[in-house]
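Chemist: Okay, handing you the structure first.
What follows is calculated from the coordinates using simple rules that are stated; it is not laboratory data. In this text, all values refer to a predicted model and were calculated from it rather than measured experimentally. All Cβ positions, even for glycine, are placed from backbone atoms using ideal geometry, and neighbour counts span all protein chains on display.
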Amino acid sequence: MPKPRKITGLNPEKNAVELTEAEWGIMKVVWDKEPCAAGTVQETLAQSRDRAYSTVKTTMDRMVDKGFLQIERIRNLQLFRSCISEVDARRGEFRKMLKRAFDGALTPMMQFLIEHEGLSKEEASRLRELVNVKESKKTNRK
């Protein structure tokens with residue numbers, strides 16, 4: 001079993017993972033198919049975007065160096081596994097967007113979504129439910 005590596009692709013401010021666009025595509029395949037070889041990732045990505053095997057493999061090797069992936073070697077086969085969860089990756093992406101577009105403030109972001117992106121009745125109802133559940137959990141903790 002490979003020893004854990006220090007994850008270098010973290011944002012020290014919030015300890016959040018920050019993936020590039022190419023890394024996102026690779027991680028989605030790895031999360032879905034792990035453990036998997038670089039060839040499997042390249043074939044899956046080729047269905048939507050033509051990428052050379054060498055490009056995918058080089059990117060995956062760099063992701064190992066960053067601590068996003070780990071390699072399991074079985075004879076001459078290299079299988080890749082994720083070292084980060086999809087939740088952590090989404091959290092990092094969200095925090096990056098929130099900081100860049102709304103100076104890190106959640107309320108202006110929610111206001112923007114409601115006023116400019118339009119919510120269906122179902123989406124608005126679901127958001128109310130989520131807020132109510134969160135509020136009741138806070139109240140129960142006190």
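Chemist: Identify all aspartates and glutamates with a Cα-Cα distance to Lys137 below 20 Å; exclude those on the same chain that are fewer than 8 residues away in sequence.
Modeler: Glu129
Chemist: How would Asp65, Asp88 line up from fewest to most surrounding beta-carbon atoms within 10 angstrom?
Modeler: The order, fewest Cβ neighbours first, is Asp65, Asp88.
Chemist: Which log10 I(q)/I(0) values does the chain give at q = 0.12, 0.16 Å⁻¹ under the Debye formula, counting every alpha carbon as one identical point scatterer?
Modeler: Computed log10 I(q)/I(0) values: -0.67, -0.94.
Chemist: Then there is this: Can you list the aspartates and glutamates whose alpha carbon sits under 12 Å from that of Lys99, skipping same-chain ones fewer than 8 residues off?
Modeler: Lys99 reaches Glu13.
Chemist: Exposure proxy check: Ile84, Ile26 ranked by fewest other beta carbons within 10 Å?
Modeler: Ile84, Ile26
Chemist: Moving on to the next point. Taking the Cα atoms of the stretch 10-86, what is the range of coordinates along each of the three principal axes, in descending order and whole Å?
Modeler: Per principal axis, max minus min of the Cα coordinates gives 37, 30, 20 Å.
Chemist: Next question, about the same structure. With 10 angstrom as the radius, rank Asp61, Asp32 by how many other C-beta atoms surround their C-beta, starting from the fewest.
Modeler: Sorted ascending by nearby Cβ count, the order is Asp32, Asp61.
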